[in-house]
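One structure is given below, encoded as structure tokens.
The values are calculated or read from the model by the stated rules, or taken from the named source; none is laboratory data. This structure is a prediction, so every number in the text was calculated from the model and none was measured. Here Cβ is always computed from backbone atoms with ideal geometry, including for glycine, and neighbour counts include all displayed protein chains. Each accessible area value is taken on the protein alone, full model and side chains, heavy atoms only, with ligands, DNA and RNA left out. Shrake-Rupley method; radii C 1.70, N 1.55, O 1.52, S 1.80 Å.
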Amino acid sequence: MASIKDVAAEAGVSVATVSRVLNSHPSVSPDARTRVLAAVEALGYRPNAVARSLRTDQTRTLGLVISDVLNPYFTELTRFVEEEARALGYSVIIGNADERPDLQEHHIRTLLDRRIDGLLVSPADGSSPCMLGTAAGGTPMVFVDRWIQGVDVPVVRTDGRAAVRDLVAHLHRLGHRRLAIIAGPAATTTGDERVEAFREAMREHGLALPDSYIGQGDFQADSGCRVTERFLTLPEPPEVVFAADNLMALGALDAIRARGLRVPQDIGLAAFDDIPWFPHTDPPITAIAQPTGELGRAAVHALVDIVEGRSPQSVTLPARLVVRSSCGEPAVNRSSSP
């Protein structure tokens, strides 16, 4: 098994430099960090888990880095994480990445400096030297909602593919054929997964998804507004717009109303990530709901298991379609799916 000295020799740096990289210390040059991480990967180096489990300087504090605290989904997720951690005797320090990789890196380093016992992260992008170094350095870590491919840490997430299929089937039954999507960032796993699930569901029903009906958003309301404005200028606008998160759906609603159009009489609207006020909008918005409470609680338990020397498994929970009236649903069929 490779040692930290082997990594240092492979990377051509000192053992101290390897240690600083693995602990995400900001003083290391980008070149040295790249070489150390490459050596870690090439040698399959893993820190001594037994030695780590013998720590006696635990702070009973967990870190949580979320993608956007203004997104109601993440606000709710944070609430459940904090409640469950408190019930298990841990405190939580929160960092808001605001969908910015640089802020994500800043918060991770700051939390590590605070000597947290473990870290929950919803990654703002698909590649992060700091995140890779933290995981390789042995800091207990769990990804929640989003994840980074190839990083060997537990993931607690929702699988929304079945719910997206249910949504497309629902829209097809209503007679809609021209369906468009406002996708999230391709650099995030959730952004990529939702648009691919939508594409597959459209294909199952023999429906075309032209490039003009795919808009690139960033999980922010402004992007939902901008993409929907483009959809509405097409020679043949879509009959329904599906926004891949709640903030982009609200932006889409603003764009539709700014043109004097009505939902659902002129165009339908559906969203991924149900939020508490969707039932109270006019009209109430059909949405895909994630089991936010279960996600938050499961993520905390997975992280605490690692901190306390147990080996948790990744957790995948199903999302569900909640049918309301923003896509032209008949009043008699407006209900939440079980």
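What to note about this one:
- In order along segment 269-274, the phi-based Karplus estimate (6.51 cos²θ - 1.76 cosθ + 1.60, θ = phi - 60°) of 3J(HN,Hα) comes to 9, 9, 9, 8, 6, 5 Hz; Gly and Pro are listed as x.
- The dipole here belongs to the chain: it is taken about the Cα centre, uses +1 on the Cβ of Lys and Arg and -1 on the Cβ of Asp and Glu, and is about 300 debye.
- Using R0 = 35 Å, the C-beta based FRET efficiency linking ARG60 and GLN216 works out to 0.25.
- Remark: the chain carries 44 Å² of accessible area per residue (probe radius 1.4 Å; ligands, DNA and RNA excluded).
- Approximating the spin labels as points 7 Å out from Cα along Cα→Cβ, the ILE4-to-ARG262 distance works out to 6.9 nm.
- Listed peptides 272-278, 305-311 appear in the order 272-278, 305-311 once ranked by packing, highest mean of other Cβ atoms within 10 Å at the front.
- Sites ALA187 and ILE93 - FRET efficiency at Förster radius 35 Å, r taken between beta-carbons, to 0.05: 0.85
- Accessible-area composition of the chain, carbon plus sulfur, in percent [1.4 Å probe]: 50
- Length available on full extension from ARG86 to THR233: 0.36 nm per residue minus the Cα-Cα distance, which gives 47.9 nm.
- Positive-end extreme of charge dipole, segment 246-338 - chosen from GLY251, SER326, LEU295 (charges on Cβ): SER326
- Label-point gap, in nm, between ASP31 and THR316 - each point 7 angstrom along Cα→Cβ: 4.3
- Pairwise FRET efficiency - THR110 versus SER14, Cβ, R0 = 35 Å, nearest 0.05: 0.90
- Here the Karplus curve 6.51 cos²θ - 1.76 cosθ + 1.60, taken at θ = phi - 60°, turns the phi angles of segment 216-226 into couplings of 8, x, 9, 6, 10, 4, 4, 5, x, 5, 5 Hz, with x standing for Gly and Pro.
- Base-10 log of normalised Debye intensity for the chain (one unit scatterer per alpha-carbon) at q = 0.10 Å⁻¹: -0.64
- Tensor-based shape of segment 198-241 (alpha-carbon gyration tensor, a/c under 1.5 rounded, otherwise prolate or oblate): oblate
- If you wrap segment 164-243 in the convex hull of its Cα atoms and look at it from every side, the mean projected area works out to 4.9 nm².
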